[in-house]
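Each remark here refers to the structure printed beneath this line.
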Amino acid sequence: QVTLFPGQTGTTDAGEIAFAWRDVVIDVNNDIATWTIDGLLIATVDLTTVTLGGSNILFGHSDTNGSASSDPNNSLLNVTLIDNIVVTPEPASLALLALGGVAMLRRRR
């Protein structure tokens with residue numbers, strides 16, 4: 001990126017998560033959502049205190065800058081790369097799935 005866009009320095013201020021792959025985990029358990037980046041807890045939200053917009057989730061980024069970048073390639077630099085999204089069902093769902101499998105096996109006999 002730095003080679004293609006010389007306006008970029010390849011460095012960021014302390015605490016920023018740019019220019020590297022990060023392990024981001026969003027965990028929802030008993031109406032509490034936690035968000036960690038590289039094992040560091042960033043946020044905890046009690047989901048009973050907020051109104052959600054449905055059952056969909058958006059993975060992306062938001063721009064906290066008050067104005068547009070002066071870099072002529074700014075539209076090419078606003079990007080989020082996401083790889084390997086894993087959804088892990090809650091234990092009750094796995095137990096119900098196992099119970100259904102046992103019932104199907106018994107029915108086949």
Pairs, please: C-beta under 8 Å, at least 6 apart or cross-chain, first residue more than 30 Å from ASP27 (Cβ to Cβ) and in the range 91-109, second at pLDDT 75 or above?
none
List every residue pair whose Cβ atoms sit under 7 Å apart, with the two residues 6 or more apart in sequence or on different chains, where the first one lies in the range 7-35 and is farther than 23 Å from LEU47 by Cα and modelled with pLDDT under 90 and the second, anywhere, is in a strand (DSSP E or B) and not hydroxyl-bearing (Ser, Thr, Tyr).
ILE17/ILE37; ARG22/ILE37
Candidates THR44, THR88, filtered to the one that is at pLDDT 80 or above and polar (S, T, N, Q):
THR44
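The values are calculated or read from the model by the stated rules, or taken from the named source; none is laboratory data. Only a predicted model underlies this, so the values are computations on that prediction, with no experimental measurement involved. In this analysis, Cβ positions are derived from the backbone assuming ideal geometry, glycine residues included, and neighbour counts consider all displayed protein chains.
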